[in-house]
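Taking it in order: structure first as structure tokens, then the write-up.
Each reported figure results from applying straightforward, stated rules to the coordinates on display, with no laboratory input. Note that this is a predicted model, so its numbers are computed, not measured. Every residue, glycine among them, receives a Cβ derived from its backbone with ideal geometry; neighbour counts consider all protein chains shown.
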Amino acid sequence: MKWLISIFLLIISVQADTIKPYDYIEASGNVIDIVVSDGMLTVSTDRGTIESYSMASKEQLMIEQFPMIKDFMGDDIYPKVFSTDYLKISKRYLAVVQGVSGSRELFIIKDGKKTKLISEKEKLFISKAKFVDENRIMIALLSNEYILFDINEKKRIYRLHVSYSHFSDFMLSLDKSMLVGSSESGEITVLNVENGKIIKTLKGANVDNVYKVDIKNSKVLAAGQDRRGVIYDLDTGSYSRFNGNFLIYAGALSPSAKLAAFAFTEDNDIVIFDIFSDKQLYTLKGQKTTLNSIVFIDENTLVSGSDDKFIMMWKLK
């Protein structure tokens, strides 16, 4: 077999510690995306907003509202902000915003000023966008295409079509040199950000749509519709598999990649695993609706968002 396989079929353990959220932040609308940087939490919502909060005080630091648009019936609605990001160096925000006729627009926000980089007139169905550096953005389309975009020139550096499978998610490595992306095929694409070349494909663990991915310290996480939470070793392609009892809509790795968090149950519990001992450590209870985002702040602190206004804050120790 091409890939070395290490499969661990884990059963939820009643001995694992149960943790409740120590605090929460209430956003203006249902939370879609969460980014944490420099002690600040930035979220996008389904009410056309990007909002930032202090992690320490929970105080709202910034809110930007996008204007209403017309839906297919001609009614005024708030546009969904599907994706956001924050660049600490220049204090700029990034927003993928719902347009008319299903297309999306891309904005940069700086000091309250919105600059449109991509208009809905271009008919691009952008799913997610993240800063690579001061002058470049990685964009993913629903058609499973990746675009490296030059901010100053407002043009594409390259456009890569990975496969005909519907795009699901991508994550950049901490140094922004690599991208891991997922789709409905269950395979994970590892991409060189600089030149758009595919480095390798990780496969064999998931057999259906991978909703969320993460990459830390040569480990790649995959959260699957097939109820499988997977950790790949980026170097060897071998993997460990954690079987849930419900669709795993979200997942994340801790900064060291020692811990993995998965949305593991129908009751929206988050389960924390030690990926080296394959041991379940904690069950996080308190999320009320379907999870869509989990982000580690450090090895012992994480936040999570779901299909409501509440961002839960958790301490493991």
Cβ-Cβ FRET estimate between residue 195 and residue 227, R0 fixed at 30 Å, reported to 0.05: 0.25
Each label point is 7 Å from the Cα along the Cα-to-Cβ direction; what then is the distance between the points at residue 77 and residue 266, in nm? 2.9 nm
In terms of modelled amide H atoms, which long-range or inter-chain residues lie less than 5 Å from the amide H of residue 128? 140
Output row, site residue 18, 7 Å Cα→C-beta label point, backbone N cut-off 19 Å, window the range 248-277, residues 262-273
When you count, for each residue, the other Cβ atoms within 10 Å and take the mean per peptide, how do 34-44, 109-119 rank with the highest first? 34-44, 109-119
How many angstrom lie between the C-alpha centres of the range 169-247 and the range 274-304? 18 Å
For the pair residue 123 and residue 88, the simple spin-label estimate (label points 7 Å beyond Cα toward Cβ) gives in nm 4.2 nm
Connecting every pair of Cα atoms under 10 Å apart in the chain and solving the GNM, the largest mean-square fluctuation among 197, 258, 219 falls on 197
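Between residue 142 and residue 40, what FRET efficiency follows from the Cβ-Cβ distance if R0 is 41 Å, with the result rounded to 0.05?
Working from the Cβ atoms, E equals 0.90.
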Long-range HN-HN contacts of residue 99 with modeled amide H, under 5 Å: 104, 105
Assign one of three labels to the chain, namely rounded, prolate or oblate, based on the Cα gyration tensor with a ≥ b ≥ c the square roots of its eigenvalues; rounded applies when a/c is under 1.5, prolate when it is not and a/b is larger than b/c, and oblate otherwise. oblate
Mean-square fluctuation check for the chain, GNM, Cα pairs under 10 Å: which of 153, 26, 299 is largest? 153
Given 128/317; 80/315; 70/116; 70/212; 88/317, which pairs have Cα atoms separated by over 22 Å? 128/317; 80/315; 70/212; 88/317
How would you rank 281-289, 87-95, highest first, on the average number of other Cβ atoms within 10 Å across their residues? 281-289, 87-95
Backbone N within the range 142-158 under 19 Å of label point (7 Å from residue 101 Cα along the Cβ vector): 142-143
Given a Förster distance of 35 Å, report the FRET efficiency between residue 114 and residue 218 from their Cβ-Cβ distance, rounded to the nearest 0.05. 0.40
What nm value, rounded to one decimal, do you get for the distance between residue 150 and residue 164 when each label is placed 7 Å out toward the C-beta? 3.3 nm
Just the number, please: percent antiparallel of the DSSP beta bridges in the chain, rounded to the nearest 5. 95 percent
Of 105, 194, 145, the most mobile residue in a GNM of the chain (C-alpha springs, cutoff 10 Å) is 194
